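Following: one structure in structure tokens, then a few remarks.
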Amino acid sequence: MVRKIELNKRQEKIIEIVKENGPITGESIAEQLNLTRATLRPDLAILTMAGYLDARPRVGYFYTGKTGAQLLTENLQKLYVRDYQSIPVVVNENVSVYDAIVTMFLEDVGTLFVVDQGSLLVGVLSRKDLLRASIGKQELNSIPVNIIMTRMPNITMCEKDDLLIEVAKKLIEKQIDALPVVKKTDKGFEVNGRITKTNLTKAFLALAGEK
């Protein structure tokens with residue numbers, strides 16, 4: 001996957017030369033910079049892979065006309081849920097609030113997905129839900145999670161072929177920490193994964209790294 005990079009001065013100069021003279025051969029670029037073609041080869045490869053330049057056999061290099069912001073936007077459109085989703089932590093709708101709290105602690109997650117006997121999604125439990133249930137003198141071992149969970153159809157979901165940027169918008173809009181990655185069936189939704197703010201952060205930070 002091509003990622004956004006910081007250009008050095010020589011790479012910026014190469015772009016300027018190609019803008020003014022393109023299409024232009026690598027040899028001609030090297031001549032203008034008083035360098036060898038071999039010296040420039042890594043820079044030209046980086047600029048081509050990053051999307052700033054394009055190259056055609058027997059024609060040379062030419063400027064794509066895309067700004068850094070445009071290239072970043074294009075790269076964001078290549079990030080899909082399926083490539084960054086993690087394993088979901090699921091509990092049955094009949095488990096107690098106490099058991100759900102233990103599961104959340106042991107699995108070190110902020111959201112649990114609740115399924116019925118057919119393993120279909122019926123609810124979501126957040127830290128806030130469990131904390132709210134813990135306040136007071138209620139016996140947590142006797143309260144099933146289906147009493148306090150967020151139920152269908154009020155669950156925000158995503159699918160593996162959704163763009164991460166769209167998932168990020170949902171998380172911000174709903175002010176939640178995670179979404180279940182689901183597969184729609186005739187009977188309901190199967191939970192196949194999860195996307196969290198941590199998943200998104202790792203994916204977007206990767207755009208600032210080198211390939």
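The values are calculated or read from the model by the stated rules, or taken from the named source; none is laboratory data. The structure displayed is predicted, hence computed values, not measured ones. As a convention, Cβ positions derive from the backbone with ideal geometry for all residues, glycine included, and neighbour counts pool all protein chains shown. Surface accessibility is based on the protein's heavy atoms, side chains included, excluding ligands, DNA and RNA. Shrake-Rupley method; radii C 1.70, N 1.55, O 1.52, S 1.80 Å.
Observations on the model:
- Qualifying residue in the range 152-160 (condition: open to solvent by 80 Å² or more (accessible area, probe 1.4 Å), under 20 Å from D83 (Cβ atoms), assigned to a loop (DSSP other than H, G, I, E, B) and modelled with pLDDT of 95 or more): yes
- Among the candidates Q175, Q117, residue that is among the polar types (S, T, N, Q) and at positive phi: Q175
- Among the residues of the range 111-121, those identified as farther than 18 Å from P153 by Cβ and surrounded by fewer than 18 Cβ atoms within 10 Å (Cβ to Cβ) are Q117, S119.
- Matching residues in the range 161-211 - criterion: being of a type outside the set (D, E), farther than 20 Å from F113 by Cα and open to solvent by 50 Å² or more (accessible area, probe 1.4 Å): K169, T201, K202, F204, L205, A208, K211
- Residues satisfying the stated conditions in the range 128-151, i.e. within 30 Å of the chain's Cα centre (by Cα), surrounded by 19 or more Cβ atoms within 10 Å (Cβ to Cβ) and outside any loop (DSSP other than H, G, I, E, B): D129, L130, V145
- Of all residues in the range 27-60, those satisfying the criterion of being in contact (Cβ under 8 Å) with a residue 24 or more places away in the chain, under 30 Å from L76 (Cα atoms) and of a type in the set (G, A, S) are A50, G51, G60.
- Matching residues, the range 1-59, being aliphatic (A, V, I, L, M), surrounded by fewer than 18 Cβ atoms within 10 Å (Cβ to Cβ), in a loop (DSSP other than H, G, I, E, B) and touching a helix residue (DSSP H, G or I) at 6+ places or on another chain (Cβ under 9 Å): M1, V2, L7, L33, L35
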